[in-house]
C-alpha cells in the first residue's frame, strides 16, 4: 500500500547547462510541490502505513528549508555562489544541479536516511520510502525511485555534501538534525499507549 504526503515551497535557482537559455543564465523561481510516497505491506497499530503527523517533524523541516531559499550547484562559479550567500540568508548548496530531477533525488536520499535512522514506536517497522515526486510547475515534474536516487550515473548525492545555511538550520525543530543524521544518531518516534488491542 502507498500513502502520499504533499509539501509546498517557493525557491529560486539557475539550472546550468540546460537547453533553455532563460533557465541556464538567469535566476528564476518556482512554486514547487513535493510528493513523498511511503510504502508498507503491513499496517501499524493505528492501522496506517505511517501517521501523517510523524511527517511534520524532520521530513517537513528538510523540505521547508528550501522555502524562500536560493539553491545552487556547488560546482557553479565561485563569484555567483559568494553573491548568493551574501544576499540571501536562506541558501542551500547542492552536490548536483538544482533541477526538478535532482531535487527529487536529493529529497529521496535525505528522507530515506531519516526513515532508516528512526526508531519506530507504533508497529510501523515495515514502512519504506517508495518514491519522491518534485513538481517544478503545474505541468512538469520528476519522480525518483530508489534505483535513481543512488545511481552514480545521475550524480552522487551524499548527505555530507548538502549544505544548509545557518538560517535554514536555525528554523528546524532540531538545528542539529543533519549533524545527527551524519553521526547516525537515532531519531525516536514517540511511543503510543494502545487503547484498543488487536
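The values are calculated or read from the model by the stated rules, or taken from the named source; none is laboratory data. None of the values given here were measured: they were computed from a predicted structure. Cβ: placed from backbone, ideal geometry, glycine included. Neighbour counts: every protein chain shown.
Return yes or no: is residue 152 without any contact (Cβ under 8 Å) to a residue 24 or more places away in the chain and surrounded by 11 or more Cβ atoms within 10 Å (Cβ to Cβ)?
no
Please count how many residues of region 2-41 are modelled with pLDDT of 95 or more, surrounded by 12 or more Cβ atoms within 10 Å (Cβ to Cβ) and either more than 17 Å from residue 139 (Cβ to Cβ) or touching a helix residue (DSSP H, G or I) at 6+ places or on another chain (Cβ under 6 Å) (or both).
Selection size over region 2-41: 13.
Might you check whether a residue that is assigned to a helix (DSSP H, G or I), touching a strand residue (DSSP E or B) at 6+ places or on another chain (Cβ under 8 Å) and farther than 18 Å from residue 169 by Cα occurs anywhere in region 21-44?
Yes, there is a match, as at least one residue in region 21-44 is assigned to a helix (DSSP H, G or I), touching a strand residue (DSSP E or B) at 6+ places or on another chain (Cβ under 8 Å) and farther than 18 Å from residue 169 by Cα.
Please work out if residue 90 is touching a helix residue (DSSP H, G or I) at 6+ places or on another chain (Cβ under 6 Å), at pLDDT 95 or above and either under 24 Å from residue 9 (Cα atoms) or surrounded by 14 or more Cβ atoms within 10 Å (Cβ to Cβ) (or both).
yes
Kindly indicate which of 133, 157 is surrounded by 14 or more Cβ atoms within 10 Å (Cβ to Cβ), touching a helix residue (DSSP H, G or I) at 6+ places or on another chain (Cβ under 8 Å), assigned to a loop (DSSP other than H, G, I, E, B) and at pLDDT 95 or above.
Residue meeting the stated conditions: 157.
Please verify whether residue 104 is assigned to a helix (DSSP H, G or I) and under 14 Å from the mean Cα position of the chain (by Cα), treating the condition exactly as stated. Outline the logic, then answer.
Working: assigned to a helix (DSSP H, G or I): yes; under 14 Å from the mean Cα position of the chain (by Cα): yes.
Answer is yes for this residue.
From the list 168, 144, pick out the single residue that is part of a helix (DSSP H, G or I) and modelled with pLDDT of 95 or more.
So the residue among 168, 144 that is part of a helix (DSSP H, G or I) and modelled with pLDDT of 95 or more is 168.
Output the number of residues of region 171-198 satisfying the condition of being in a loop (DSSP other than H, G, I, E, B) and in contact with a strand residue (DSSP E or B) (Cβ under 8 Å, 6 or more places away or on another chain). Working first, answer last.
Our first condition is that a residue be in a loop (DSSP other than H, G, I, E, B); within region 171-198, this holds for 171-176, 183-186, 189-198.
Add one more test, that the residue is in contact with a strand residue (DSSP E or B) (Cβ under 8 Å, 6 or more places away or on another chain), and what stays is 186, 189.
Selection size over region 171-198: 2.
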